[in-house]
Each structure stands twice: as structure tokens, then as C-alpha cells.
Amino acid sequence: MTDPGTLHAPPAARAVRATPAAAVIGAVALVELSSGITQGFLSPLLKGLTDTLRVTAADLNWISIANLLASVAFTPVLSRMGDLYGHRRILRWNLAIVLLGSVLVGLSRSFEVLLVGQILQGAFAGFFPLLVGILRNRNGDSESRRGISYMVAALVAGIAFGLVASGFVARSVDSPTAALWVPAAAVGLALAVTWPLLPESEARPGGRIDWAGGVLLSIGLVAVMLGLGMGGLPGWEWTSLRTLGCLVGGALVTALWVIVELRTAEPMIDVRMFRHRNVVTVSLVTLTFTFPMIGLQVANPVFLGTGPAEHGYGLGLDPFAIGLAMLPNMLALALGALAAPAVAAAISDRLTLCAGSLLMAAGYLVSLTWHGSMLPFLAGTAVAGLGAGFLQHSTRTLAVESVPHDRTSVGSGINELLINVGGSIGAAAVLTVFAARTPAGEALPELSAYTTSWTICVVISLVGAAIALCYRTAKHREARS
């Protein structure tokens with residue numbers, strides 16, 4: 001493990017080109033804006049896709065799962081390549097992969113093609129660690145904290161814009177798939193504008209990619225996530241050979257990955273970091289807050305679009321109204337991310353982590369209790385969003401500050417990886433609940449599928465709050481507060 005005294009040392013060299021700070025921040029924000037649009041554009045369209053693509057609401061959870069599983073595979077490799085070969089260079093390739101996936105999504109007229117496009121779009125998980133690498137090569141930790149808060153805010157703004165833009169296109173254009181082109185336009189613009197603006201990093205540690213570690217980690221995590229996602233569905237009963245094979249086989253491969261990494265001179269991820277209490281605490285909090293945040297990405301929009309007259313529950317909104325209804329959550333999330341540095345300075349990183357989890361639990365409890373009324377339901381999503389904003393910033397910041405400068409992207413990539421793993425588990429859990437509570441021959445589940453999912457999210461958030469209390473704020477941080 002690296003000597004803690006070296007973790008916050010300034011990099012040996014700065015960016016090659018003296019790009020103005022405002023241009024760098026603008027370019028970074030634009031990339032994260034496109035990432036947010038790519039993540040948020042589909043939510044208002046989900047209810048309509050059940051008819052257009054002839055799938056059930058439970059099937060739609062596979063959009064999130066496929067996207068997140070791809071992110072699990074992309075993130076560690078892209079992050080390590082950024083540290084070794086240059087963050088800007090790898091970011092350009094990263095944007096190109098996401099653009100290709102976005103074009104496939106725009107062209108898709110079947111559920112299978114849509115899933116392939118979503119898999120390629122999953123590479124957006126590499127944006128954040130690569131951008132953090134660019135920022136940290138220019139600034140110290142205090143500046144990086146502010147930069148990360150701007151990045152999270154831009155990401156959330158992109159999600160909000162994607163929600164409204166795709167809903168507006170769906171309402172205004174006759175073609176039921178026209179709005180699927182929204183992310184292609186956003187990512188194409190980001191690639192074109194940022195190409196000449198973002199600086200490259202001169203300081204690179206040298207070394208090689210640990211391909212064996214990257215492949216083993218990807219296979220292990222994807223197998224486990226597949227078993228969780230399919231478990232309980234027809235042909236994938238929890239006791240079936242294929243489900244147990246994925247879960248047990250994935251766990252064994254992941255264990256083999258740990259052994260390989262411990263014996264590798266230049267591992268993809270230094271698993272020795274997880275011997276430290278704070279690293280484990282931040283990692284577990286990341287899992288607990290992304291479980292509900294991403295797990296409900298399909299459930300809540302479908303609930304908003306379901307008509308109470310026809311199904312006995314829901315709020316009966318059209319795609320554009322769904323986009324608007326999800327804005328309170330997005331705006332509160334952005335506010336939480338921007339306020340998090342000041343909150344952490346005032347009450348400590350530990351209490352900020354705990355407060356974020358408690359706010360999420362309170363928000364889901366409000367949605368569970370008053371889901372029949374628009375205003376209380378949206379207020380609940382806003383409270384949950386504020387808590388998620390605290391945690392989005394805090395976990396990402398603390399993950400980056402735990403590693404040396406020459407592994408900045410890897411440190412951020414570990415956190416992004418855990419975000420995707422937690423989200424995958426959450427999406428898989430909601431998929432299982434939805435599949436179990438959807439009557440035969442019906443596309444939409446019973447109301448109990450939603451109430452059960454919200455209840456699970458309350459419990460998971462409370463567990464996250466308890467875990468957050470185990471974090472110990474570093475002495476140099478306490479002295480600065």
C-alpha cells in the first residue's frame with residue numbers, strides 16, 4: 001500500500017498544453033452533460049416501448065441491467081488505460097464507443113438491437129474517472145473536490161435535460177422511436193467540441209495493462225449480476241443449474257481474480273486497499289445508495305405513466321409530463337452535489353455520508369406512503385434526490401483521495417465500478433419483484449410490486465446510514481474543517 005503521506009503529493013508534471021481553466025471546466029462539464037443525457041433520455045419512453053417493442057415492464061429492466069453490466073466490464077480497463085496512456089486519448093475513444101452505441105439505439109426497431117446499443121452506451125461509465133484524471137493533473141485535492149461537484153451537477157443536469165428532451169420529441173414527432181436519437185446528438189456534439197479543448201496529461205507512471213485481471217474481474221462480476229438478474233424467472237429458478245452456475249461460478253472467478261491481483265506486480269485494481277476501514281466503508285455506502293437510486297430507474301417512470309383508471313394505480317402521465325415529473329429529483333440531486341463540499345466541511349465527511357443515506361430513506365418512505373398523490377410523491381423523490389446528491393459527490397471524492405495521483409482514474413474507476421455493481425443488484429432485485437408480481441398475460445405488474453420495491457429501498461438506505469457511521473475522517477481534513 002502506498003505511504004499515506006504520498007497520496008496527496010502534487011503530480012510530477014502538469015498538462016502539456018496550457019489550456020485555460022474555464023475551457024477545461026466547460027469541456028469536462030459538456031462530456032458529463034452528454035453522459036447524463038445518455039443515462040436519462042430513455043425513462044419517459046419506457047411505458048411506450050412496451051407497445052412499440054412488444055415487451056413487458058419486467059423485460060424493460062433488462063435495459064438497465066445490460067447497460068450496467070457493460071459498465072462493469074468497461075470501467076476498470078478504460079480507467080487503467082487512461083492513467084497509463086493519457087486520459088484525453090482514451091476519453092476520445094471512449095466517446096466514440098458511446099456514440100456508436102447511441103447510433104444503434106437510434107436505429108433500433110427491435111428490443112435486441114436496443115440492448116446491443118445500450119451495452120455499447122455502457123462505456124459512459126469511463127467518462128467520469130478519465131475526466132477526474134484530467135482535473136487532478138491540473139489541481140490539488142481541494143480544487144478537485146469542487147471540480148467533482150461541478151461534474152456531478154453537470155451529469156444530473158444532463159439527465160434532467162435528457163428526460164425533458166426525449167419526452168418533448170416523443171410528444172411532438174409522430175414516429176414512436178424518434179426520441180431514441182437524442183443521445184447520439186448529445187455525444188456527437190461532446191466529441192466534436194471537446195476534441196481540441198481538453199489537455200493531455202504529461203505525467204504517466206509507465207507499465208502495462210493487467211489484462212488477465214481485467215478479464216477475470218469482468219467475467220466474475222457479469223456472471224454474478226446475470227444470476228441475480230435472471231434468478232426467479234422461468235427457466236432461471238433460484239435452484240436451477242444455470243442460475244447457481246452463474247452465482248457460484250461468478251463468485252469463484254472473482255475469488256480467483258483476487259488471488260491473481262495479489263500476485264501481480266501491476267494489478268488492474270490493488271485489492272490491498274480494501275484492508276483499510278475507510279475504503280471498505282465508502283465502498284459499502286456506494287453499493288447501498290446506488291441500489292435504490294438505479295434500481296428504481298425503470299420502476300418510477302413506469303409508475304408515473306400508468307393510468308389509475310385502467311390499472312388501479314399510477315399517475316397517468318404522458319412521456320413529456322413524466323420527464324417534467326422527474327425533474328424535482330434531478331434538481332435536488334444537483335443541489336445536493338453542489339452543496340456537499342460545504343456540508344462536509346461543516347459537519348465532517350462521515351456525517352455527510354450518513355445524512356445522505358437518511359435523506360434517501362426518508363424520501364422513499366414518503367413515496368411509499370403517499371404514492372397515490374402527485375405532490376407528496378414528487379416531494380419524496382426530491383428528498384431522496386438531495387440525499388443521493390450528497391452521496392454522489394462524497395463517495396466519488398473520498399474514493400479519489402484514497403489513491404496516489406498516478407492512479408487517479410483507477411481510484412475513481414473503482415467507485416464507478418461499485419456504482420454499477422450496486423445499481424445492477426438493485427435493478428436485478430426490482431426485476432425479480434416485478435416478474436413475481438406481474439399476472440400472466442399482462443404487461444404491467446400489480447401495485448404490490450412497487451410498494452415492495454420502495455420498502456426494500458428504505459431498508460437498504462437505512463443500512464447505508466449505519467455503515468456510514470464507521471467512516472473515520474482523516475485528521476488533516478478535520479483540521480481544515
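The numbers here are math on the coordinates, done by the rules we state, and not lab data. Values in this document were obtained by computation on a predicted structure and should not be read as measured data. Here the Cβ is made from the backbone with ideal geometry for all residues, glycine too, and neighbour counts use every protein chain on show.
Multiplying the residue separation of Arg109 and Ala23 by 0.36 nm and subtracting their alpha-carbon distance yields 27.1 nm.
Rounded to the nearest 500 deg cm²/dmol, what is the calculated helix-only ellipticity per residue at 222 nm for the chain, with -39500 (n - 2.57) per DSSP H run of length n ≥ 4? Present the calculation step by step, with values, prior to reporting the outcome.
Working: 20 runs with 349 residues, N = 481.
Taking each H run of at least 4 residues, the total per residue is -24500 deg cm²/dmol.
Taking label positions 7 Å along the Cα-Cβ direction at both Val280 and Leu244, the computed distance is 3.0 nm, reported to one decimal. Once the dipole of the chain is set up with Lys and Arg at +1 and Asp and Glu at -1 on Cβ about the Cα centre, which of Ala435, Val77, Gly372 lies farthest towards its positive end? Going by the charge dipole, the pick is Val77. Relative to the longest principal axis of the Cα atoms of the chain, the long axis of helix 447-468 makes an angle of roughly 20 degrees.
Only one item in [x] 34, 24, 23; [y] 39, 26, 19; [z] 130, 84, 18 matches semi-axes √(5λ) of the Cα gyration tensor in Å derived from the coordinates shown, and that item is [x].
Per-residue packing, averaged as other Cβ atoms within 10 Å, sorts the ranges 318-328, 381-391, 188-198, 363-373 into the order 381-391, 318-328, 363-373, 188-198, beginning with the highest. Extension gain for Thr254 to Trp236 (0.36 nm times residue separation, less C-alpha to C-alpha distance): 4.3 nm. For the pair segment 251-327 / segment 435-473, the C-alpha centres are spaced 12 Å from each other.
Packing, as the average of other Cβ atoms within 10 Å across residues, places the peptides 90-100, 430-440, 69-79, 348-358 in the order 69-79, 348-358, 90-100, 430-440, highest first. Taking the Cα atoms only, what angle lies between the long axis of helix 211-230 and the longest principal axis of the chain, rounded to 10 degrees? Taking Cα atoms only, the helix is inclined about 20 degrees. Segment 67-84 and segment 363-396 have Cα centres lying 29 Å from one another.
With r as the distance between the Cβ atoms of Ala212 and Asp318 and R0 = 35 Å, compute the FRET efficiency 1/(1 + (r/R0)^6) and round to 0.05. Walk me through the numbers on the way to the answer.
Working: r = 50 Å, r/R0 = 1.43.
The formula returns an efficiency of 0.10 here.
In the chain, the longest principal axis of the Cα atoms and the axis of helix 57-85 are about 10 degrees apart.
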